[in-house]
1. Quick one: in segment 268-281, which of the residues that are part of a helix (DSSP H, G or I) and at pLDDT below 80 is nearest to the chain's Cα centre (by Cα)?
2. Taking the criterion of being within 26 Å of residue 71 (Cα to Cα) and assigned to a loop (DSSP other than H, G, I, E, B), would at least one residue in segment 247-259 satisfy it?
3. With (1) out of contact with any strand residue (DSSP E or B) (no Cβ under 8 Å at 6 or more places or on another chain); (2) surrounded by fewer than 16 Cβ atoms within 10 Å (Cβ to Cβ) as the list, and residue 154 as the residue in question, which single condition is left unmet?
4. What residue, of 228, 277, 270, 304, is over 25 Å from residue 169 (Cα atoms) and either touching a residue at least 60 places away in the same chain (Cβ under 8 Å) or surrounded by 13 or more Cβ atoms within 10 Å (Cβ to Cβ) (or both)?
5. Inside segment 85-102, can you point out the residues that are more than 11 Å from residue 42 (Cα to Cα) and part of a helix (DSSP H, G or I)?
6. When you check residue 133 against the structure, is it touching a helix residue (DSSP H, G or I) at 6+ places or on another chain (Cβ under 8 Å) and in contact (Cβ under 8 Å) with a residue 60 or more places away in the chain, yes or no?
7. Are any residues in segment 147-157 part of a helix (DSSP H, G or I) and touching a helix residue (DSSP H, G or I) at 6+ places or on another chain (Cβ under 7 Å), and if so, which ones?
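The values are calculated or read from the model by the stated rules, or taken from the named source; none is laboratory data. Being a predicted model, the structure only gives us computed values, none of them experimental. A quick note on method: Cβ atoms are made from the backbone with ideal geometry, for glycine too, and the neighbour counts reach across all protein chains shown.
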């Protein structure tokens with residue numbers, strides 16, 4: 001039992017924040033799309049594309065920061081293609097997302113085999129990982145310094161994006177347009193809002209953020225690429241966006257919950273005799289619990305809406321009877 005409680009340390013929170021970073025970025029992109037009324041289930045492919053393009057670009061260019069920018073551009077391009085196929089040819093969003101996820105997964109493996117002769121994983125000593133940043137003064141504060149300092153720029157950027165997205169969605173005119181399109185596209189278009197442009201921009205931004213999350217995995221957290229490196233994090237991001245009710249802050253906190261769950265699963269293996277396969281299921285089990293919670297929450301909202309509707313009907317009938 002002592003070994004079990006030894007897991008709950010500052011290092012657990014530290015690891016959870018790192019592991020949550022790619023999920024936060026992708027989930028924020030997914031939440032933005034949901035707010036704009038366009039479902040993006042292709043976060044997995046966008047993240048995987050970013051992981052692959054990021055490390056390959058860093059290898060050929062010789063600069064990991066440029067690799068990040070190229071990775072973000074590749075994700076934005078995927079988002080643009082996704083939007084084009086959806087709006088131009090009215091392709092079903094779910095089918096489109098499944099196609100993207102399957103194609104990118106096989107494409108990265110194929111290109112890795114053709115370019116580097118590997119199919120499982122690839123790395124090169126010349127590739128530099130994005131360095132961690134020690135924040136002056138804060139790093140010297142006991143406990144708090146270990147929590148807030150010592151991450152690379154992508155980690156801090158993910159939380160900055162959370163704040164910026166909140167301000168855009170709820171404090172700016174553009175954010176009101178996004179929410180208007182998501183709530184009632186036809187009504188938004190009647191007042192002059194270009195719904196297609198709003199949804200296209202949301203998909204592009206979603207692709208950029210998801211790809212940055214993928215690049216974090218390959219050149220921000222590690223410095224290698226492995227087959228299917230996103231490993232379901234795109235789907236976790238979808239769950240995090242729904243768990244956070246598509247609110248930027250709620251989505252980021254939901255992503256942090258998943259990151260802490262994954263960190264806990266990694267660390268618990270070192271202090272208990274639990275079967276590794278069982279421990280590895282903990283993040284998936286947490287995702288399942290969250291999805292059940294989301295379903296129950298939506299059911300409760302529907303029931304409450306139905307009760308209010310019936311109450312309004314009864315009030316109208318009583319008013320008519322009285323008159």
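1. Ranking the qualifying residues of segment 268-281, first place goes to 280.
2. Yes, segment 247-259 has at least one match.
3. (2)
4. Matching residue, one of 228, 277, 270, 304: 228.
5. Scanning segment 85-102 gives 85, 86, 87, 88, 89.
6. no
7. Answer for segment 147-157, where residues must be part of a helix (DSSP H, G or I) and touching a helix residue (DSSP H, G or I) at 6+ places or on another chain (Cβ under 7 Å): 147, 148, 154, 155.
Residues checked against (1) within 19 Å of the chain's Cα centre (by Cα); (2) outside any helix (DSSP H, G or I); (3) at negative phi:
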| residue | (1), (2), (3) |
| --- | --- |
| 83 | yes, no, yes |
| 115 | no, no, yes |
| 127 | no, yes, yes |
| 139 | no, no, yes |
| 145 | no, no, yes |
| 159 | yes, no, yes |
| 170 | no, no, yes |
